[in-house]
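Here the structure comes first, spelled out in structure tokens, and everything after it is commentary.
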Amino acid sequence: MSEKKLNIIQVAVPTPLRRKFDYLLSDVINPDHVLPGMRVLVPFGRTKKIAIVLGKTSETEIDIKKLRTISKILDKKPILPEDIIKLLNWVASYYHHPIGEVFQSALPVHYRKKESASEQGVTLWSLTDIAWQADWSQLKRAVRQRSILEQLKNTPEGLTKQQLASEQEGQWQAALKVLCEKNWVSSRTKEPRQKRNEGHTDSQIEMIKNQGLFLNHEQQSAVESLRQNKTVYFASLIDGITGSGKTEVYLSFIEEQLKNARQVLVLVPEIGLTPQLINRFEHRFSVKIQSLHSALNNTQRMKIWQQTANGEIRILIGTRSAVFTPMPELGAIIIDEEHDLSFKQQDGIRYSAKDIALVRAKNADIPIILGSATPSMESLYLCQRGKMAHLKLRQRAGNAKPPEVHLIDVRGQYLQHGMSRTLIDLIKQHLARENQVLLFQNRRGYSPVLLCNKCGWISHCHRCDAKLTYHRQRNHLRCHHCQIEQPLPMQCPECGHADLSQLGMGTERVEKVVREIFPEIDVVRIDRDTTQRKGALQSMLELARDGKQQILIGTQMLAKGHHFPNVTLVAILDIDQGLYSIDFRAPERLAQLIVQVSGRAGREEKKGQVALQTSHPEDEMLNTLLNQGYSGFADKALAERKELLLPPYAYQALIRAEANKIEKYQTFLEYCFQVLTQVKQLIETTDADADSDIQFLGPIPAPMEKKAGKFRGQLLIQTCQRKHLHQSLNSLIQTVEANKAAQRVRWSIDIDPQEIY
Ligand code: ADP
Ligand code: ZN
Ligand code: ZN
């Protein structure tokens, strides 16, 4: 007797549980119509949820009688292709994150919420035979209907609603409805464009709007190297100083991909840099190019996602989450400013879009290019090991000359609100030549500390281990960590003394000082406070780009990517903040910041100057950077990491816990520590080369233990072999998930943490 084969559908349900779920299929649904990547509606607890089909099976570990049935199939075709499903599975297992949440976060919001969002084609309206044969003169008084017919008459293949709307006015939608009802006009859904065939190059010429620049020698050899591996997995690092023409190299390589009928994915950091970049792309190519960034609304994002997934958009430029966009003809991935921290998501799924992109390229067997003037230690290490080609661009393209960098020793100098005499004189010289000056201060607000001169009271945030920043314009104190705001006290809350000092410099104060010293000069401050209004950043950047004899003041928003042709002097007012930090990555970050900020000086024909104010001019790292450049610094930093067995020579994971009481997170992390110690012993006894590979640091309080009223602690795991890290975490998760009592805290796992706080 043969038993009827069961149709069990495995799905990813958005829940914090780290597992897939099994459902049955009702008899009326043909199992062949249910494919991986389709959305289904499933009963879950007492509600229903939108889930994604992962696969089919005939076996389950669950008691068959307890299995529930899928309520509804939501899509006619999969919305996620196989390669993305595979990628997301990898993400869930690598980051030890619940698979349902991984799939959920990779989808545009409409797909997560709306059951009927999957219509992918466009609806076109056209005349029916009835209309063609009818006598239109009977419509003399139905002006709107007549007007619609006239418009449709010219386009037999049909028009979209948007196209109709562009010429119609008034109640035309009602008129269209009438025409449909009497069968004069009909609508149909045009299927999304089909995949183009390989080698289909008939419209090659049309893809290129403008030829690229004549590449210099270095650029040419970079492009040559890229060209040699343009259709297989191959990772390259373009390590090129600012202005060396990296973008020009990307463009040449993209051209090759377009000629091959391929799509290209370009990942960029989370900044307002995209418009400038997009303009350059659009100037060069006539294919459809779109950018996917955080300022878009859900409908816009959905549209771009669909048009990329159906192959209409050929170049997608996006921030980190764009790495999940389906691209059926993906031919290459480019990651610009690859060192940038924003490629790592710092909450929820703490993924690195860069690492995911590398996996995606490998899976798809296509090339991937990482570019930066200040490559990350991780990428340089990959180059050292021969896993990535190291392409160097050491000259500025065109006529631009590299800036001259020097330190201003502020010890013993009188500082006029944070600015030395030397710096002020330097600024005057540059302004006198009608050039712009950029002052960089990585701190918003007026002053970061308010101090009572009598009793020593300091403006602490009561919800965080942090000080409140004084914002002068809005005349209040604000915490930059929990955003709480308080009125400025008129007197010391402790002793009543009226003399409160504002200590330290924020950008707002720099602006005030600069206006006092240079009353006749135009000053533009660009930071998060001055650019909150939509479009404000864009218009301020334009102001700054066209300006002459101007002082620009900014936070790290200005350090990246932007191009100001008239800036000839860049100064960092205080680099000492970054010199001494407990984070082993702090020197790397500071070196990157210095080099990136310096890159803003003297592009084009004007030679630039960079001034760094410090009271530690003897600092070794600074001097290496100044004398041997970023690559000299990087060699040294890598050697140091190797010596100390730190990433990239070791792998780390951070377990973070958060609770309303210190004891709670401590108890949880102690428990994790015990579990992990046992796991470590087990691994070490079964695996010969695991001997003392697994190390723990902690549990310890987070560097900012109290934040927004919650207490936070952490436990770091470090290994030299990745598999040991993952084995340990897998066992830990299993044990913790089985122990309900242990889970009274919020906790998360951060694989390859970039910021250890
Ligand atoms: P990067 O991306 O490395 O900062 P870009 O590609 O933006 O460099 O180039 C910097 C500037 O140099 C741009 O204005 C660009 O137009 C110009 N440029 C790049 N390559 C060349 C070249 N081969 N000849 C002349 N100018 C170039
Ligand atoms: Zn006081
Ligand atoms: Zn706070």
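R0 = 51 Å: FRET efficiency of residue 137 with residue 329, Cβ-based, nearest 0.05? E(calc), rounded to 0.05, equals 0.55.
Remark: spin-label model distance residue 163-residue 503 equals 6.8 nm, labels positioned 7 Å along the Cα→Cβ axis.
Mind sorting 508, 640, 520 by how few other Cβ atoms lie within 10 Å of their own Cβ, fewest first?
Working: 508 25, 640 14, 520 7.
Listing 508, 640, 520 from fewest to most nearby Cβ atoms yields 520, 640, 508.
Magnitude of the charge dipole for region 651-751, about its Cα centre and with charges confined to Cβ atoms of Lys, Arg (+1) and Asp, Glu (-1), is about 700 debye.
Between residue 30 and residue 93, the C-beta separation translates, for a Förster distance of 35 Å, into a calculated FRET efficiency of about 0.65.
Non-local amide H neighbours of residue 286 (under 5 Å, H modeled in plane, Pro and chain starts lacking H): which ones? Amide H to amide H, under 5 Å and 5 or more residues apart or across chains, residue 286 pairs with 208, 209. In order along region 532-540, the phi-based Karplus estimate (6.51 cos²θ - 1.76 cosθ + 1.60, θ = phi - 60°) of 3J(HN,Hα) comes to 5, 5, 4, x, 5, 4, 4, 6, 5 Hz; Gly and Pro are listed as x. Among 404, 338, sorting on how many other beta-carbon atoms sit within 10 Å of each Cβ, with the fewest leading, yields 404, 338. Its Cα centre serving as origin, the chain has a Cβ charge dipole (Lys and Arg +1, Asp and Glu -1) of approximately 2300 debye. Residues whose amide H lies under 5 Å from that of residue 7, counting only those 5 or more places away or on a different chain, are 25; hydrogens are built 1.01 Å from N in the peptide plane. Considering all C-alpha pairs of the chain, those separated by over 49 Å amount to 27%. In the chain, the DSSP beta bridges split such that about 55 percent are antiparallel, to the nearest 5. Amide H contacts of residue 330 (H built 1.01 Å from N, in plane; Pro and chain starts excluded): 263 sit under 5 Å, all sequence-distant by 5 or more or on other chains.
Using C-alpha pairs below 8 Å separated by at least 6 residues, the relative contact order for region 237-330 is 35 percent.
Loop-only check: which chymotrypsin sites (Phe, Trp or Tyr not before Pro) in region 537-643 are DSSP coil with at most 15 other Cβ within 10 angstrom? Spell out each step's value before the answer.
Numbers: sites: 580, 584, 630, 633; in loops: 580, 584.
Those satisfying the criteria are 580, 584.
Neighbour counting of Cβ atoms within 10 Å sorts the residues 293, 96, fewest neighbours leading, into 96, 293. Subtracting the Cα-Cα distance of residue 684 and residue 482 from 0.36 nm times their residue separation leaves 68.4 nm of extension gain. Rg over Rh for region 276-402 works out to 0.98, both radii taken from alpha-carbon positions and Rh defined as the Kirkwood radius. In region 396-432, which residues have a backbone nitrogen under 16 Å from the label point lying 7 Å from residue 616's Cα in the Cα-to-Cβ direction? Under cut-off, by backbone N: 407-411. Projecting label points 7 angstrom from Cα along Cα→Cβ for residue 645 and residue 177 puts them 7.4 nm apart.
The phi-based Karplus calculation (6.51 cos²θ - 1.76 cosθ + 1.60; θ = phi - 60°) puts the 3J(HN,Hα) values of region 433-440 at 8, 6, 9, 9, 10, 10, 9, 10 Hz, whole numbers, x for Gly and Pro.
Under the combined filter of DSSP loop state and at most 14 neighbouring Cβ atoms within 10 Å, region 553-657 retains these trypsin sites (Lys or Arg not before Pro): 607.
Computed from backbone phi with θ = phi - 60° and the Karplus coefficients 6.51, -1.76 and 1.60, the 3J(HN,Hα) list for region 244-257 is 7, x, 4, 4, 4, 5, 4, 4, 5, 5, 4, 4, 4, 5 Hz; x is used for glycine and proline. Each Cα pair under 8 Å and six or more residues apart adds its separation to the average, and for the chain the resulting relative contact order is 10 percent. Working from Cα pairs under 8 Å separated by at least six residues, relative contact order for region 122-190 is 56 percent.
Throughout, read-outs are computed from the coordinates displayed, never taken from laboratory work. Everything numeric in this text was worked out from a predicted model, so none of it was measured. As a convention, Cβ positions derive from the backbone with ideal geometry for all residues, glycine included, and neighbour counts pool all protein chains shown.
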